[in-house]
């Protein structure tokens, strides 16, 4: 994307960093061909490059692509996911649940707060089973999710965890819920942590 924009408000240094050596604006979006090998079919948004991170092994995790695979594989119980593992030895996730689908697994909790539903053995078993089957398809440590926590508290617009367009702000969620991330990686996992049987 070529642009004539040349000055960021009162910060010429940041403005310069926003453009590459050819004068193109660095959007931070990753894209892929809609039809592999055929550029005439256009491009598809494939996540934000700024969300990607390295494991402690030095291997990169492509957050956008991994999140899309998780949403497809963990449906209908997971609507979205916040990927964890920056500087850690394995990938985990904070699962954004489809509350209605999860509630259908435990009709005995009709009317109960969602925190009770998220902790129900049927919900935990459904997520654990998908962790196992997802790991079986993984091609390496960066595509295998070993632990998950189902978020009992919805993401907050006020805390900027969600944008006004409904997209997840991964960095804000990880900052606001750092205690849950610590639980995911604890040597003795907390009660909220779901571990795939093969992890």
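Derivation of every value follows stated rules applied to the coordinates shown; laboratory data play no part. These numbers were taken from a predicted model, which means no experiment stands behind them. Cβ placement follows ideal geometry from the backbone for every residue including glycine, while neighbour counts extend to all protein chains displayed.
Peptides 95-107, 77-89 ranked from most to least packed by the mean count of surrounding Cβ atoms within 10 Å: 77-89, 95-107.
For residue 15 and residue 191 in one chain, what is 0.36 nm times their gap in residues minus the Cα-Cα distance, to one decimal in nm?
Going from the current span to full extension adds 58.7 nm.
On the beta carbon distance between residue 112 and residue 178, with R0 = 41 Å, the FRET formula returns roughly 0.90. Rounded to the nearest 0.05, what FRET efficiency is calculated for residue 79 and residue 54 with R0 set to 35 Å and r the Cβ-Cβ distance? Efficiency computed from Cβ-Cβ geometry: 0.85.
Across the stretch 52-195, the mean sequence separation of Cα contacts (distance under 8 Å, 6 or more residues apart), normalised by length, yields a relative contact order of 22 percent. Here the stretch 52-195 carries DSSP beta bridges of which approximately 70% are antiparallel, counting only pairs with both residues inside. Annotation: extensible slack from residue 69 through residue 163 equals 31.7 nm (criterion: 0.36 nm per residue apart, minus Cα-Cα distance).
Report the FRET efficiency, 1/(1 + (r/R0)^6), for residue 88 and residue 38, where r is their Cβ-Cβ distance and R0 is 25 Å, rounded to 0.05. After rounding, the FRET efficiency stands at 0.10. Going from the fewest other Cβ atoms within 10 Å to the most, the residues 159, 124 appear in the order 159, 124.
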